[in-house]
Amino acid sequence: MMDLRSLVCLPAVLLLFGLVTVFSQTAAPRTVCETKNGTNCEECLTNVTCLWCQKTKMCITYPVNTILPPHALCPLNDARWGRCWVNFQSLIIAMAVVGGVIIIAFLVCLFCCCKCEHMGSTRFDAKMERRTNKMKGKQEERKAEMKMRHEEIRSKYGLSGSNPYSKFS
């Protein structure tokens, strides 16, 4: 009975700790970024939730509702996030190029692997067919040798007449 209670309490405690963590982290970061308006880019970007606008020299809380900051807030050429030397537009272009290269490399690898696998199975099938034909040939040779040996034995002992059991073989 004690195990059942501990199994029920553990998820409840974890849920409670998770909620406390979430509410403690969402405590008004907007005021932190706007207080650094008179400073420089490095000072503003010490907080990851802040965005530096080079044109207006303002530190703004990153608009998480939209993926990209709106042009009215700060143009992409002038927006800095993470590092002061990388503008947002260059960051987006570079990430798109790297992502495209990774996707193309994955597709090429997938195509080559599938094609090579198909070639390998064709080679394997051909090899197995050659081996089967070789084994059949050897078996036919052995049958012919055995038949000749039996004929020699029959002729040696004068049994070359009709065999009464030949219709069963």
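Taking the stated definitions as given, is Cys113 outside any helix (DSSP H, G or I), surrounded by 10 or more Cβ atoms within 10 Å (Cβ to Cβ) and either in contact with a strand residue (DSSP E or B) (Cβ under 8 Å, 6 or more places away or on another chain) or not basic (Lys, Arg) (or both)? Judged against the criteria, Cys113 is not a match. Listed by first and then second residue, the pairs with beta-carbon distance under 9 Å, at least 6 apart or on different chains, first residue in segment 139-150 and among the small types (Gly, Ala, Ser), second modelled with pLDDT under 95 and surrounded by 10 or more Cβ atoms within 10 Å (Cβ to Cβ), form an empty list. Taking interchain pairs and intrachain pairs at least six residues apart, which have beta carbon atoms under 8 angstrom, with the first residue in segment 80-109 and closer than 19 Å to Thr49 by Cβ and without any contact (Cβ under 8 Å) to a residue 60 or more places away in the chain and the second surrounded by 10 or more Cβ atoms within 10 Å (Cβ to Cβ) and acidic (Asp, Glu)? Final answer for the pair search is Cys84/Glu42; Asn87/Asp78.
The values are calculated or read from the model by the stated rules, or taken from the named source; none is laboratory data. Just so it is clear, the model here is predicted, and its values are computed rather than measured. Methodologically, a virtual Cβ is constructed for each residue, glycine included, from the backbone with ideal geometry; neighbour enumeration extends over all protein chains shown.
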